[in-house]
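S.K.: Questions regarding the structure given below will be posed in turn.
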Amino acid sequence: YSYGWLNVTGIKITVTTAGAEKIYDGTPLTKEGYEIESGSLCDGHSLSVSYTGKQTDAGTSFNTVDVKVTDASGEDVTKNYSIEVKAGQLTVTPKALSVRSGSAKKQYDGKPLVKESFELVEGELASGHTLAPVFTQKEAITVGDYENTFVCYVKSSDGGDVSSNYSFEYVNGTLTVEPIVLKFKTGSAEKIYDGEPLTNKEYKLVS
């Protein structure tokens with residue numbers, strides 16, 4: 001005898017999972033929902049999915065699932081199917097924040113003018129997050145107007161850097177160094193005309 005093979009192949013089933021998108025809020029993005037794109041189940045069989053995909057930080061990942069097929073008696077018959085999963089995408093986009101730095105003004109005194117203050121103008125941070133700005137403006141010493149430039153980072157409650165979950169719009173305040181105003185009073189003089197110029201080189205600093 002030369003024996004042949006009896007080969008039973010699994011029924012091909014294609015399952016497509018749903019996708020979703022949201023702005024970052026610090027909580028995981030999940031999405032339930034699927035459809036059988038192609039193939040069909042045997043009579044009395046039912047398909048169930050458990051969702052494993054999630055996306056918390058800004059970025060994109062697949063909405064993965066574990067698929068199980070059971071018969072009418074509840075027995076697992078998944079091995080009798082060849083299941084392909086086409087996973088949808090879970091996308092979290094960065095949250096927009098508008099942050100403004102402080103402004104300050106003084107008369108020139110030879111010392112740097114610094115104003116390391118800021119305020120969140122628009123948007124809000126996720127729970128437990130705090131802004132950590134770094135001011136980049138070089139010292140404003142000489143007379144002029146300077147943008148109070150800065151870069152923002154966001155820290156989580158445990159001190160981790162979560163800045164990638166936010167997009168920033170910067171509104172720069174102004175550092176203004178004004179010139180010192182000096183007020184002088186010159187001397188007076190009087191004489192009878194003699195053909196020579198009348199001058200008086202006296203002066204004093206009034207303020």
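The values are calculated or read from the model by the stated rules, or taken from the named source; none is laboratory data. No experiment lies behind these values; they were computed from the predicted model shown. Because the Cβ atoms are built from the backbone with ideal geometry, glycine has one as well, and the counts that use them run over all protein chains shown. Protein only, heavy atoms only, side chains kept; ligands, DNA and RNA dropped before computing areas. Shrake-Rupley method; radii C 1.70, N 1.55, O 1.52, S 1.80 Å.
Yes/no per residue for (1) part of a strand (DSSP E or B); (2) under 30 Å from Lys95 (Cα atoms); (3) among the aromatic types (Phe, Trp, Tyr); (4) without any contact (Cβ under 8 Å) to a residue 40 or more places away in the chain:
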| site | (1), (2), (3), (4) |
| --- | --- |
| Ile36 | yes, no, no, yes |
| Asp43 | no, no, no, yes |
| Gly53 | no, yes, no, yes |
| Ser61 | yes, yes, no, yes |
| Lys79 | no, no, no, no |
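S.K.: A further question follows. Looking at (1) open to solvent by 90 Å² or more (accessible area, probe 1.4 Å); (2) free of Cβ contacts under 8 Å to residues at least 12 places away in the same chain, can you tell me which one Thr186 breaks?
M.R.: Failing condition for Thr186: (2).
S.K.: Can you work out which of the residues in the range 146-164 that are in contact with a Pro (Cβ under 9 Å, 6 or more places away or on another chain) and open to solvent by less than 60 Å² (accessible area, probe 1.4 Å) is nearest to Lys105 (Cα to Cα)?
M.R.: Phe150
S.K.: For the range 198-207, state whether one or more residues are open to solvent by less than 70 Å² (accessible area, probe 1.4 Å), touching a Gly at 6+ places or on another chain (Cβ under 9 Å) and free of Cβ contacts under 8 Å to residues at least 60 places away in the same chain.
M.R.: There is at least one residue in the range 198-207 that is open to solvent by less than 70 Å² (accessible area, probe 1.4 Å), touching a Gly at 6+ places or on another chain (Cβ under 9 Å) and free of Cβ contacts under 8 Å to residues at least 60 places away in the same chain.
S.K.: Does the range 118-137 contain at least one residue that is open to solvent by less than 90 Å² (accessible area, probe 1.4 Å) and assigned to a helix (DSSP H, G or I)?
M.R.: Within the range 118-137, none of the residues are open to solvent by less than 90 Å² (accessible area, probe 1.4 Å) and assigned to a helix (DSSP H, G or I).
S.K.: Also: Which one of these is open to solvent by less than 30 Å² (accessible area, probe 1.4 Å), in contact (Cβ under 8 Å) with a residue 12 or more places away in the chain, assigned to a strand (DSSP E or B) and touching a helix residue (DSSP H, G or I) at 6+ places or on another chain (Cβ under 6 Å): Val15, Val99, Val69, Val92?
M.R.: Val69
S.K.: Restricting to the range 162-193, name every residue that is closer than 25 Å to Pro112 by Cβ, among the polar types (S, T, N, Q) and in a strand (DSSP E or B).
M.R.: Thr174, Thr176, listed by residue number.
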